[in-house]
Amino acid sequence: MQATIKASIAGLAVAMAFAGAGQAQPAGSAAVQAQALQRSILQTFDVPPGDYRILVGTSELRPNGDGGRQTHPGPEAGYVLQGSGTMSIEGGPPLQLKAGQSYKIAPGVVHGVKSGPEGVKLLVVWAVEKSKPFQTPVK
């Protein structure tokens, strides 16, 4: 059963790598972004044969917060737990987020999220190459 779960996760990571992309929007200063966005990593594990690590966590933005623009060296998939916001994904239109929706972002694609008046809380899965930084801020 564990091998099946690992194979499914590896398949999910590969499938997410070919996900679509959307339009980026400018963001505020890095100091403000750091205060607005709070991440909590809930679990990490390697994907065989060991080049990628899966991180499962939450991202929370305070009301009317700006998470800034960034990239990740692997795919990202998320689910909106609470609140609302707007996700900008380079190459496409802004995605309006609300509780119960999911999204996906291909590796290396510039993206960012801005929360609505009640803030937003996301459950997020990142697949990242272990040899690369988890995130790269983009101006």
statement: Of the conditions (1) at pLDDT 95 or above; (2) closer than 19 Å to Thr136 by Cβ; (3) within 13 Å of the chain's Cα centre (by Cα), the single one that Asp66 does not satisfy is (3)
task: Return the pairs, sorted by first residue and then second, in which the second residue is polar (S, T, N, Q) and in a strand (DSSP E or B), the first residue lies in segment 73-101 and is more than 20 Å from Gly119 (Cβ to Cβ), the beta carbons are less than 8 Å apart, and the residues are 6+ apart or on different chains.
output: Pro73/Thr136; Ala77/Ser102
field: Odd one out for Ile105, checked against (1) surrounded by fewer than 19 Cβ atoms within 10 Å (Cβ to Cβ); (2) within 13 Å of the chain's Cα centre (by Cα); (3) of a type in the set (A, V, I, L, M, F, W, C)
entry: (1)
message: Go through (1) buried (at least 17 other Cβ atoms within 10 Å of the Cβ); (2) touching a residue at least 60 places away in the same chain (Cβ under 8 Å); (3) on the phi > 0 side of the Ramachandran plot for Gly119 and report which single condition fails.
response: (2)
- prompt: Taking Gly68, is it surrounded by 20 or more Cβ atoms within 10 Å (Cβ to Cβ) and on the phi > 0 side of the Ramachandran plot?
  reply: yes
- line: For segment 93-112 the number of residues that are part of a loop (DSSP other than H, G, I, E, B) and within 19 Å of Gly68 (Cβ to Cβ) is 6
field: Residues located in segment 114-129, provided they are more than 13 Å from Arg39 (Cα to Cα) and of a type in the set (Val, Ile, Thr)
entry: Val128
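The values are calculated or read from the model by the stated rules, or taken from the named source; none is laboratory data. All values derive from a computational prediction rather than experimental measurement. Heads up, the Cβs are rebuilt from the backbone with ideal geometry, glycines too, and the neighbour counts pull from every protein chain shown.
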